[in-house]
Amino acid sequence: PVVSSSDRPCSSASRVTGETDVHAAKWIKLVRLDYVDPTGAARTWDAVRRTTTTKEAEADAVCVFATLRGGDAKEDEVLLVRQFRPACGTETIELPAGLIDDGEKAETSALRELHEECGYVGRVTNVTPAVVLSPGLSDESVVLVTVDVDLDAAENANPSQRLEGSEFITVI
């Protein structure tokens, strides 16, 4: 039988009662969470946490939605990157992104990542509140920063990536 949502306990009555580190690595750790569901039943959940985030940070990471305007293009273009992601076992096509450095604002991080990964300089036009994209797995939070890139600007005439040694990113 179908149970209406009004017949079920409200999920906001759930609460985490404990957390145990299972394994820690440089960037992430696996934790086991003890929690109580809305019926009062004790349960456990395994989750991933970032080890690099400070309590003051507005989010763990940024994604950059960069629009290329001007130049020889007849229409605006959205900037994407392609890179191998070991966790996926394949290349992915994604927005430029990266972790927010300690003490850094999301806007600053987005402009830094755009410059490092793609070689472009842009202007921030919008910043979203932090969102959690995979809450069943992780508490990692991401801010989406919208950026306009003026292809007619002198600083964007010859974009040059500034990749870290472990980064192999293709701008598409």
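Tell me, what is the FRET efficiency for residue 160 and residue 30 to the nearest 0.05, using R0 = 41 angstrom and their Cβ-Cβ distance as r? The pair residue 160/residue 30 has a calculated efficiency of 0.60.
The slack in the chain from residue 56 to residue 72, taken as 0.36 nm per residue of separation less the alpha-carbon distance, amounts to 1.5 nm. The residues packed around residue 104, meaning those with a beta-carbon under 11 Å from its beta-carbon, carry a net charge of -4 if Lys and Arg are +1 and Asp and Glu are -1.
Between the Cα long axis of helix 106-118 and the first principal axis of the chain there is an angle of about 50°, rounded to the nearest 10. Computed from the C-beta positions of residue 101 and residue 168 and an R0 of 25 Å, the FRET efficiency is 0.75 to the nearest 0.05. Note on residue 65 and residue 10: the model spin-label points, each 7 Å out from Cα along the C-beta direction, lie 3.1 nm apart. Ordered by solvent-accessible area of protein heavy atoms (1.4 Å probe), largest first, the residues 14, 138, 166 come out as 166, 14, 138.
Just to be sure I understand, if you calculate log10 I(q)/I(0) by the Debye sum over Cα atoms at q = 0.09 Å⁻¹ for this structure, which of (i) -0.36; (ii) -0.31; (iii) -0.44 do you get? Recomputing log10 I(q)/I(0) by the Debye sum over Cα atoms at q = 0.09 Å⁻¹ here picks out (iii).
The trypsin sites (Lys or Arg not before Pro) of segment 9-41 meeting both criteria, a DSSP state outside H, G, I, E and B (loop) and at most 11 other C-beta atoms within 10 angstrom of the site's C-beta, are 26.
Subtracting the Cα-Cα distance of residue 148 and residue 90 from their residue separation scaled by 0.36 nm leaves 18.0 nm. GNM remark for the chain: springs join alpha carbons under 10 Å apart, and the peak mean-square fluctuation among 106, 25, 47 falls on 25.
The values are calculated or read from the model by the stated rules, or taken from the named source; none is laboratory data. Note that the structure is predicted; figures quoted are calculated from it, not measured. Using ideal geometry, Cβ is built from the backbone for each residue, glycine included, and neighbour counts are taken over all protein chains shown. Just the protein is used for accessible areas: all its heavy atoms, side chains included, with ligands, DNA and RNA removed. Shrake-Rupley method; radii C 1.70, N 1.55, O 1.52, S 1.80 Å.
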